[in-house]
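Notes follow the structure.
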Amino acid sequence: MSPVLVGLLGFTGTVGSALLPPLIEAHKSNKIDLVILHRESSNTSQIPSDLGITFRAVQLDDKGEKKNREAVKDLEVVISALGATAIDSQKYLIEALAGSSKLKTFIPSDFGFTFTEEELSYPALKPLQLKKEIADIAGKMNVPITNVRVGLFDYYFYAYKFAGTDVKENTVEVYHDALKNPLRITSLAYLGHAITQLSLRPSAIAGKTIALYDLQPTGQEIIDVLTKIHGKPTKVTDYTDEQYEKDMGDLVSAISASVKLKWGDNSWAKEEKVEVDGWKNKSFEELTRAFLKGN
Ligand SMILES: NC(=O)c1ccc[n+]([C@@H]2O[C@H](COP(=O)([O-])OP(=O)(O)OC[C@H]3O[C@@H](n4cnc5c(N)ncnc54)[C@H](OP(=O)(O)O)[C@@H]3O)[C@@H](O)[C@H]2O)c1
């Protein structure tokens, strides 16, 4: 089978740099022909130059149409890992992809949660509407896309304490029924593996909204693991409705509050959870021990 021609945009970001290594591995084993899409100013020096990986510049503004079309004209899968401030600029990429006879699917930069209308009615979360608008533009232009929804990234759980758990300090914040409900966590390594595997069979995911997460510990399981690791009881505090309302006033804390609500009420959206081959799942305990060791 000939390799799938896959373009990756945003390879230097948090998500992009997690997608890059497994895509390079698939390129090396001739399953994928990897094309790095980058802006002129991007630092491409970290990508090995002896692997036959192609580099193509894009310019996501009113003046980039010709360059963008040239960059994506033969790509079968295009993955965008643009950061939150560049979501809107993906409309230029969609314009370039419109009418392509080669494209099987475009994966726009979403990698977030399905937010409810009620959540999006909070002004602080309005910027997230842009992701939906990008999907709508693709729909209007008949560009096939795959919406990839995830859980909380492991890095955001551990380092940024986005779910209110501090594994170093052995503390867990509980909202509503979080003790018995699962928290969806997506480790970045898993995300990279899964997106690479799915890129090998793009027709199976085109036109779909899928969910990728590899861990679902309940609050009680998190407490049990932390208690075991620290050898003393985990401090459990309540996250209150008052604090939720307060947190919904600012974009970053509102995303964190939304995770706590989805966890506490088990109100995660019911997207299709896709299983991928070849992933060796780590347990929550293994991941936590690795984080505490610093790797
Ligand atoms: N589920 C979660 O827990 C979670 C957490 C964080 C983020 N996310 C989501 O994941 C997605 C990716 O976010 P991220 O944090 O990985 O982003 P990021 O780290 O900010 O990465 C930004 C990337 O976008 C590129 N870029 C920015 N503006 C560009 C432009 N105008 N043209 C071309 N390239 C441009 C940058 O390239 P240069 O190298 O050229 O600067 C860089 O590679 C977002 O949709 C975000 O909302 C989800």
Exercise. Is there any pair linking a residue in the stretch 76-88 that is of a type outside the set (Val, Ile, Thr) to one that is more than 11 Å from the ligand (Cβ to nearest atom), with Cβ under 6 Å and at least six apart or on different chains, and which?
Worked result: Glu76/Val4; Glu76/Leu5; Glu76/Lys102; Glu76/Lys104
Exercise. Can you pull out the residues in the stretch 232-255 that are closer than 18 Å to Glu118 by Cβ, in a helix (DSSP H, G or I) and open to solvent by 60 Å² or more (accessible area, probe 1.4 Å)?
Worked result: Asp241, Glu242, Gln243, Glu245, Lys246, Leu251
For this session: State which residue is nearest to Phe157 (Cα to Cα) when the search covers only the stretch 64-115 and only residues that are within 16 Å of the ligand (Cβ to nearest atom), over 14 Å from the mean Cα position of the chain (by Cα) and among the acidic types (Asp, Glu).
Result: Asp88
For this session: May I ask you to say which residue of Ile229, Ile222 is in contact with a strand residue (DSSP E or B) (Cβ under 7 Å, 6 or more places away or on another chain) and either in a helix (DSSP H, G or I) or of a type in the set (A, V, I, L, M) (or both)?
Result: Ile222
Problem set entry | Residue list for the stretch 1-16, restricted to those being within 14 Å of Ala194 (Cα to Cα) and without any contact (Cβ under 8 Å) to a residue 60 or more places away in the chain | none
Exercise. Somewhere in the stretch 159-170, is a residue among the charged types (D, E, K, R), open to solvent by 50 Å² or more (accessible area, probe 1.4 Å), within 30 Å of Ser101 (Cβ to Cβ) and within 13 Å of the ligand (Cβ to nearest atom)?
Worked result: no
Exercise. Within the stretch 17-63, restricting attention to residues that are touching a residue at least 60 places away in the same chain (Cβ under 8 Å) and within 13 Å of the ligand (Cβ to nearest atom), which residue is surrounded by the most Cβ atoms within 10 Å (Cβ to Cβ)?
Worked result: Leu19
Exercise. Restricting attention to the stretch 221-231, which residues are open to solvent by less than 50 Å² (accessible area, probe 1.4 Å) and on the phi > 0 side of the Ramachandran plot?
Worked result: none
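Please specify each residue of the stretch 64-80 satisfying the condition of being open to solvent by 30 Å² or more (accessible area, probe 1.4 Å) and either at pLDDT below 95 or not acidic (Asp, Glu) (or both).
Those that are open to solvent by 30 Å² or more (accessible area, probe 1.4 Å) and either at pLDDT below 95 or not acidic (Asp, Glu) (or both): Lys66, Lys67, Arg69, Lys73.
Conditions tested, residue by residue: (1) at pLDDT below 95; (2) away from the ligand (no atom under 16 Å from the Cβ); (3) under 30 Å from Leu125 (Cβ atoms).
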position: Gly192; (1), (2), (3): no, no, yes
position: Ala206; (1), (2), (3): no, yes, yes
position: Lys228; (1), (2), (3): no, yes, no
position: Glu245; (1), (2), (3): no, yes, yes
position: Gly264; (1), (2), (3): no, yes, yes
position: Glu272; (1), (2), (3): yes, yes, yes
position: Val276; (1), (2), (3): yes, yes, yes
position: Glu285; (1), (2), (3): no, yes, no
position: Asn295; (1), (2), (3): yes, yes, no
For this session: Please tell me if Val274 is more than 14 Å from Ala163 (Cβ to Cβ), open to solvent by less than 30 Å² (accessible area, probe 1.4 Å) and touching a strand residue (DSSP E or B) at 6+ places or on another chain (Cβ under 6 Å).
Result: yes
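The values are calculated or read from the model by the stated rules, or taken from the named source; none is laboratory data. All of these numbers come straight from a predicted model, not from anything done at the bench. As a convention, Cβ positions derive from the backbone with ideal geometry for all residues, glycine included, and neighbour counts pool all protein chains shown. Please note that ligands, DNA and RNA were not included when accessible areas were found on the heavy atoms of the full protein model with its side chains. Shrake-Rupley method; radii C 1.70, N 1.55, O 1.52, S 1.80 Å.
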